[in-house]
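Just below is one structure, and these are the notes that go with it.
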Amino acid sequence: MANPWAGEVELVIDGQRQLLKLTLGALAELEAGLAAGLLIDLVERFEGGAFSTGDVLALVVAGLRGGGWRGRTADLLSAEIEGGPLAAARAAAEVLARAFALPDEAG
């Protein structure tokens with residue numbers, strides 16, 4: 001079960017519950033891999049609803065890695081995500097928001 005106070009978000013992938021969490025290392029890896037801009041640009045795209053599927057995938061991978069997953073991006077290309085792309089986008093937005101929320105704002 002995800003702990004929102006720890007910045008965790010849950011996503012079911014291929015029938016298994018996975019925890020997403022953006023650790024400092026996961027955020028650094030995410031920012032290094034962004035094709036367009038800095039991490040703040042990604043935050044602004046999500047806040048404005050102008051994010052891409054690539055943004056969602058990058059955030060899900062970073063969150064999974066921060067949660068301890070040792071897979072690769074290619075492993076998710078044919079994965080079944082419960083709730084489909086919309087659930088993945090929601091989880092990506094939520095894990096991004098929780099990574100920068102103050103403790104009294106999480107939840």
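The values are calculated or read from the model by the stated rules, or taken from the named source; none is laboratory data. What you see is a predicted model; the values in this text were computed from it and never measured. Every residue, glycine as well, gets a Cβ built from its backbone with ideal geometry; the counts of neighbours run over all protein chains shown.
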By residue number, the members of segment 30-53 that are buried (at least 17 other Cβ atoms within 10 Å of the Cβ) and closer than 18 Å to residue 70 by Cβ are 30
For residue 69, which of the numbered conditions (1) farther than 15 Å from residue 14 by Cβ; (2) in contact (Cβ under 8 Å) with a residue 12 or more places away in the chain fails to hold?
(1)
Is at least one residue of segment 83-91 touching a Phe, Trp or Tyr at 6+ places or on another chain (Cβ under 9 Å) and modelled with pLDDT of 90 or more?
yes
Considering only helices (runs of 4 or more DSSP H) fully contained in segment 1-80, which possess at least 2 residues that are within 17 Å of residue 93 (Cβ to Cβ) and modelled with pLDDT of 95 or more?
53-66
